[in-house]
Amino acid sequence: MTKRVYNFSAGPAVLPVEVLEEARENLLSLGDTGVGIMEHSHRGKAFVAVYEEAVSLCRELAAIPDNYHVLFLQGGASSQFFMLPMNFLPKESTADYLVTGSWAKKAVAEAQRFGNVHVAGSSQDRNFCYIPSDCSYSDDAVYTHYTSNNTIFGTQFATVPDVACETLVCDMSSDIFSRPIDVSKYGVIYAGAQKNLGPSGVTLVIIRDDLVQQGPTDIPTMLQYRTHADNDSMFNTPPTFGIYIMGLIFKWIKARGGLAAVGEQNRDKAGKLYEYLDHSRLFNGTADLESRSQMNVTFVTGDADLDAQFISQSEAAGFSGLKGHRSVGGMRASLYNAFPTDGVDALIEFMKRFEAEQG
Ligand SMILES: *Cc1c(COP(=O)(O)O)cnc(C)c1O
């Protein structure tokens, strides 16, 4: 088999080897059923057990209260950008949005198709390199939406923003289950799986029951949360393989000690790289100190040609996916849950050597 390299991709991203190995075993036959995991009917006993275990581990890991539904939807996090306002932002009403990056901007653009958007805070003035602290919320917002981790810009909310509105909605696509979550503070949490939870093609949605009940009934059936909540995510054929892998990831997180333990591991991993960046005379982090992400570490040399040299040498040395997003430039090391600590150590050694060679 080809050697696996250190994969810093922002998404789809690295998955734990143990999970991939277990999935490989079950591709041809799920347990002793003689039918592969992708070939089982979603209505059959074997897959229903897979589904039930995934939901139950998800609830256990995040201590999800009973009045929340756990849904597995399709269409990516990007479909939640419109599904949320379609359900909860009637014409003439207002939702507050914190605009901390490109994904938040896309969410705003979709919400504006349905109702009013009030931008309660933004960091666009400095190309999204920080998390805004002085936000002005409206009195009558039907919900407040924010993006907990800004995948492209390498910033992250250190804590849950303190908002007046009862219904806090969060796009957690790139940091879900990377640290403990207090689900009771939210109305809706959603995340495309491909960063921290599994393969692309499945979106985890955790939604409070009163919101599900309050949603409209005159929009397409598939776009009502009620449809999925009432049918255990099986109104139509769900993304069965994605749900299976997500369940394995939940099991893997549990074996590592749960969200608090994984959170500490993530802090240590990112902390090492930030410490090196803070002492480096060549590389600089692009995010403000107090807004730094534990998931996506963005950095530059300040010279685009040198950045390009670094990226091409890093690829030759067996580091994949370090090129930053074009809107920031430079480099981005995505250190999701499954990214190994020894990969961070190896990257730092490589950066030190590169720095030394520059004199
Ligand atoms: C990747 C990402 C998205 C887009 O997810 P899709 O599943 O591709 O639609 C949305 N929000 C954030 C924060 C992301 O990192």
Subject >> Those aspartates and glutamates that a straight Cα-Cα span of less than 12 Å connects to LYS323, excepting residues fewer than 8 apart in one chain >> reply: ASP307, GLU315
Original post:
Stokes-Einstein D for the range 258-357 at 10 °C, 1.306 mPa s, Kirkwood Rh over Cα pairs, in µm²/s?
Top reply: 116 µm²/s
Original post:
Looking only at Cα atoms, what is the convex hull volume of the range 160-277 per residue, in Å³?
Top reply: 135 Å³
**OP:** Rounded to the nearest Å, what's the spacing between the alpha carbon centres of the range 148-164 and the range 284-340? Just the number, please.
**Re:** 19 Å
**OP:** Just tell me which aspartates and glutamates come within less than 15 Å, Cα to Cα, of LYS254; anything on the same chain fewer than 8 places away is out.
**Re:** GLU18, GLU53, GLU60, GLU264
**OP:** Note down the relative contact order for the chain as a percent, whole number, built from C-alpha pairs under 8 angstrom at least six residues apart.
**Re:** 22 percent
Original post:
Within the range 24-63, which trypsin sites (Lys or Arg not before Pro) sit in a loop by DSSP and count at most 14 neighbouring Cβ atoms inside 10 Å?
Top reply: ARG43
Subject >> Mean Cβ neighbour count within 10 Å, used as a protection proxy, ranking 249-256, 155-162 highest first >> reply: 249-256, 155-162
**OP:** Would you mind telling me the share, in percent, of accessible area of the range 1-89 contributed by carbon and sulfur at probe 1.4 angstrom?
**Re:** 55 percent
**OP:** In square nanometres and to one decimal, what's the mean projected area of the convex hull around the Cα atoms of the chain?
**Re:** 18.3 nm²
Original post:
How big is the range 1-99 in terms of Cα radius of gyration and Dmax, in angstroms?
Top reply: 18.8, 58
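For the chain, what is the accessible area per residue in Å², given a 1.4 Å probe and the full set of protein chains?
With the other protein chains kept in place, the chain gives 44 Å² per residue.
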Subject >> Loop-located trypsin sites (Lys or Arg not before Pro) in the range 71-150, at most 15 other Cβ atoms within 10 Å (DSSP) >> reply: LYS91, ARG113
**OP:** With 31 Å as the limit, write out which pairs from LYS3/LYS195; LYS195/LYS272; LYS105/LYS251 have Cα-Cα distances beyond it, or answer none.
**Re:** LYS105/LYS251
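The values are calculated or read from the model by the stated rules, or taken from the named source; none is laboratory data. This structure is a prediction, so every number in the text was calculated from the model and none was measured. Glycine also receives a Cβ, built like all others from the backbone with ideal geometry; neighbour counts cover every protein chain displayed. Heads up: the accessible areas ignore ligands, DNA and RNA and are worked out on the full protein's heavy atoms, side chains in. Shrake-Rupley method; radii C 1.70, N 1.55, O 1.52, S 1.80 Å.
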